[in-house]
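The structure appears right after this line, and notes come after that.
Read-outs throughout are calculated quantities, based only on the coordinates presented, and are distinct from any laboratory measurement. None of these values were measured; they are calculated from a predicted model. We place every Cβ from the backbone using ideal geometry, glycine too, and count neighbours over all the protein chains shown.
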Amino acid sequence: MFDIAWSELLVIGVIALIVLGPKDLPKALKLFTYWTRKARGMVRDFQGHVDEIVREAELDEVKRELEKATNPDFVARAIDPSGSIENALKIEEPPTPAALPPAAAPAAEPAATTPATPPGETQARA
């Protein structure tokens, strides 16, 4: 973070010991750690509020997108670009057989060798 080496920390400690003295150094360290914790807590709280604001902004944006996507006019325009909801919601019926193109004629089947008998009659064997 601050890129302070152990040798630099040792120099700062020796200077603090000389300036403050061995009697007041523990009190100074306690005071320093108190204010450091307090500052970190404030930064954490501020970061939490910023994250909450960002989340709310993203949720608002997602909510607007969802409302726009569920709007019937938007759905109708997605289906029918002309924007007519009546045309978009109209159900198309399947085409009638007359409207279908004619199918290819099936191949001719070979003629049967035995004559057809009317229903209900049996054919006599020769």
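Some notes on this structure:
- Taking 0.36 nm per residue of separation and subtracting the Cα-Cα distance, full extension of the segment from Gln47 to Lys68 would add 4.4 nm.
- In this rough spin-label picture, where each label sits 7 Å from Cα along the Cβ direction, the Lys27-Glu56 distance is 4.5 nm.
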